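Read-outs throughout are calculated quantities, based only on the coordinates presented, and are distinct from any laboratory measurement. Since we're looking at a predicted model, the values are computed, not measured. Counting neighbours? That spans all protein chains shown, and the Cβs are built from the backbone with ideal geometry, glycine included.
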Amino acid sequence: MNTVPDLNKATAMAATGRTKAAAGVRVKLLPHGFSIDHPDSELGEQLMADALGVADRDAMHGILRQLVKASVNGQRPDEVNLAFMISMVKSIKPRDSVEAMLVAQMVSVHVMAMRCAYHLANAEDIARQDSAGRALGRLAPTMASPPSPCRTCRSGMAARPSSAMSRSMRA
């Protein structure tokens, strides 16, 4: 007999590679903020920064603060939602702070799009259905492809000026 997992609890799974070291690092929500839940606070911060692909403490706290705000469900941040978002950022493996920002945005938009899809599926009247449908319609195209700067960095190509910019530079 299969049991249904409790969706309000995050459960650990076997991790591989870089995520194995960061698997033990979690974010703990507090009444006024958050903390990195690790026995050694300095090591915990370093593991989280590495997992998020950022180089310094300020960038790590900035990305985490934004993810906490984006994880809100109802009126409060949602620890399970936040764990999912951090896990997705880790799995994409951003290589620097700019990629980390783009990936965090991509993950946040995904979460919001799924929330809108839920509201659309459960709308009880036409006004709510229209509202959720419009919001989903605006968020969905954002998810169609990875952000251009991320693709450019990952492909190893140097950023090139757009053709319009090239023409104005030649004139």
**Request:** Restrict the check to the stretch 113-120 and report whether at least one residue is within 16 Å of the chain's Cα centre (by Cα) and at positive phi.
**Result:** no
**Asked** Any idea which residue in the stretch 93-112 is nearest to the chain's Cα centre (by Cα), counting only those that are within 17 Å of LEU47 (Cα to Cα) and surrounded by fewer than 18 Cβ atoms within 10 Å (Cβ to Cβ)?
**Response** LYS93
**Request:** Of the numbered conditions (1) closer than 20 Å to HIS110 by Cβ; (2) of a type outside the set (Phe, Trp, Tyr); (3) not in a helix (DSSP H, G or I), PRO39 fails exactly one; give the number of that condition.
**Result:** (1)
**Prompt:** Is it true that SER71 is hydroxyl-bearing (Ser, Thr, Tyr), within 30 Å of SER131 (Cα to Cα) and in contact (Cβ under 8 Å) with a residue 40 or more places away in the chain?
**Reply:** yes
